[in-house]
Amino acid sequence: MCEQFIEPKALAKRRNQQRDRIRRLYYRAHVLIPNRVKGMRADHALVGGNSDDWTVGLHDDGERELSYPNALNTLQLSSRAPIMSLELAFNSYYGATAHPAAGRPALAGSLDCDVCVVGGGIAGCSVALHLVERGYRVVLLEEQRIGWGASGRNGGQALSGVAAGQAAIEGLMDAAAARAVWDVTIAGLALIKERIAKHSIACDWVNGYMQVALKMRHERELHVELEMLRDRYGYESVRYVPREEVCALLATTRYTGAMYDSASGHLHPLNYTLGLATAAAKRGVGIFENTRALSFAPARLINVRTPNGQVRCRHVALCGNTYLGALAPALARKILPVATYIVATEPLGTERARGLIANNAAVSDMNWVLDYFRLSADTRLLFGGRVSYSARAPSAVPAATRARMLQVFPQLADTRIEYHWGGLVDITLNRAPHFGRLAPNVYFLQGFSGHGVALAGIGGTLLAQAIAGTAERFDVFARIPHRDFPGGTALRRPALVLAMLYYRLRDLL
């Protein structure tokens, strides 16, 4: 029987019973989940995107000019990559609209340099570009292609702060260090705009980001965060947006309020990454694709071995995240790959597209299993809103993500989905970035947990500065405490799934 034919009192009783059942499940999960897991913030797995840790991507078969076509014969999955269904591996909007990129050779033979960078995403390209501009001899090794990982597949949202939230950082560090972390994230946004202008990178940058509330609890959290950012950090780029204005900006009644950040924004992440790589190569960085770093041993002079060659260097920068695998097993215990997905509609036309998001901002909600969306330069809606902690891509993901999109914008029911894709984001237990050293001359960046578009770039700059002898800002991040995931590599995923149950139930209350 339809609910509109039920007596109001009976309907209210039924809804209260459903809510009580959810609360009972929620509190049972609350008891079962360790306190160190309960402190985690909303999972921004693909909002900003991690830098180098997706499970799917594109591969150059030797062409000099390759425009990242969405064809299965251009795809080569590493045998070491986590499992992901191929049906989501080759239908990326970013791949279809990437600028033509020169195919780069695999390494054959031996090379000497000052710094060997492992990983060709935003982080690795940023390290290489900064160092070559300072006169260092740099070699960059990428197992697949530049931008093959999350740097070329993410939601394209460049955000201030870190995924854990600034309040969480204040709980992990002293006030001065927490302030330094915040300042670096803001510098990361400025660095994107600086590099776009300096290197003429065509990547469709747009200013503006809205974090939207779905309930009164979210609104209270937004007001607390807004007060902290403006009063304690002097961050004037944020303001509260009341419900009436949200409804005028977004063609949906789903949201009750928002915080707008004019300094954050969105871009085409693959074209941005390719632009960084091109700028680095023009200045002399030796970039080798289809070249996996197999092993190295910390020493004064390090020998990085590859399948058909080796790189002798004084410093190593590890920027491969989940794909480092056996190259750096100590790092794998601190991160967990999480699968997440995006769809792109057919072009909507300027009028209809701007009718959905009047200010053209990037948007994400405040649920744990959140929705995030934005418009592309060619007037498509790009919508993400689903995660999988099994690291496998279910075949129903495109339809499920479309269904979530229609919950926000039911007026798009007549719109085709033309692209759908997915991949892995690496997360840390506390959602804070994980920077540090494995040896005095072996550095690493990982664990951006969904804020990698901005943070990976500035993190690469900090790592390069540390190699050059100025390590103060890098060392602030290196002092953020990190724990291994509970249960080790065998049991960490079941433990996180239990945590996700807790927070998913919390979304429903």
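Structure notes:
- In the stretch 264-282 there is no residue matching the filter, namely being assigned to a loop (DSSP other than H, G, I, E, B), on the phi > 0 side of the Ramachandran plot and out of contact with any strand residue (DSSP E or B) (no Cβ under 8 Å at 6 or more places or on another chain).
- Which numbered condition residue 183 fails, given (1) in a helix (DSSP H, G or I); (2) touching a residue at least 60 places away in the same chain (Cβ under 8 Å); (3) open to solvent by 10 Å² or more (accessible area, probe 1.4 Å): (2)
- Boolean, residue 316 is over 25 Å from the mean Cα position of the chain (by Cα), modelled with pLDDT of 95 or more and within 25 Å of residue 137 (Cβ to Cβ): no
- Residues satisfying the stated conditions in the stretch 427-463, i.e. closer than 23 Å to residue 280 by Cβ and either within 10 Å of the chain's Cα centre (by Cα) or aromatic (Phe, Trp, Tyr) (or both): 435, 443, 444, 448, 451, 452, 453, 454, 455, 456
- Flag if residue 177 is in contact with a Leu (Cβ under 7 Å, 6 or more places away or on another chain), open to solvent by less than 20 Å² (accessible area, probe 1.4 Å) and either under 30 Å from residue 103 (Cα atoms) or in a helix (DSSP H, G or I) (or both): no
- Yes/no for residue 210 being of a type outside the set (D, E, K, R) and closer than 30 Å to residue 481 by Cβ: no
- Residues in the stretch 94-130 that are open to solvent by 10 Å² or more (accessible area, probe 1.4 Å) and either assigned to a helix (DSSP H, G or I) or of a type in the set (S, T, N, Q) (or both): 96, 97, 110, 130.
- Here the condition is being touching a strand residue (DSSP E or B) at 6+ places or on another chain (Cβ under 8 Å), modelled with pLDDT of 85 or more, over 30 Å from residue 252 (Cα atoms) and not polar (S, T, N, Q); of 400, 478, 471, 439, it holds for 478 alone.
- Residues that are surrounded by fewer than 18 Cβ atoms within 10 Å (Cβ to Cβ), closer than 29 Å to residue 409 by Cα and among the charged types (D, E, K, R), drawn from the stretch 226-279: 239, 243, 244, 245, 254
- Among residues of the stretch 128-141 that are farther than 19 Å from residue 107 by Cβ, those with a Cβ under 7 angstrom from a residue that is open to solvent by 10 Å² or more (accessible area, probe 1.4 Å) and small (Gly, Ala, Ser), sequence gap 6+ or separate chain, pair up as 134/468.
- The combined condition, being farther than 30 Å from residue 123 by Cβ and either touching a Gly at 6+ places or on another chain (Cβ under 7 Å) or touching a residue at least 24 places away in the same chain (Cβ under 8 Å) (or both), is fulfilled by residue 256.
- Output for the stretch 281-333, where each listed residue is among the aliphatic types (A, V, I, L, M), crowded, with 23+ Cβ neighbours inside 10 Å and under 12 Å from residue 442 (Cα atoms): 304, 316, 317, 318
The values are calculated or read from the model by the stated rules, or taken from the named source; none is laboratory data. Computed from a prediction, not measured in an experiment: that's the story for all the values here. Note that each Cβ is placed from the backbone with ideal geometry, even for glycine, and that neighbours are counted across all protein chains shown. Each accessible area value is taken on the protein alone, full model and side chains, heavy atoms only, with ligands, DNA and RNA left out. Shrake-Rupley method; radii C 1.70, N 1.55, O 1.52, S 1.80 Å.
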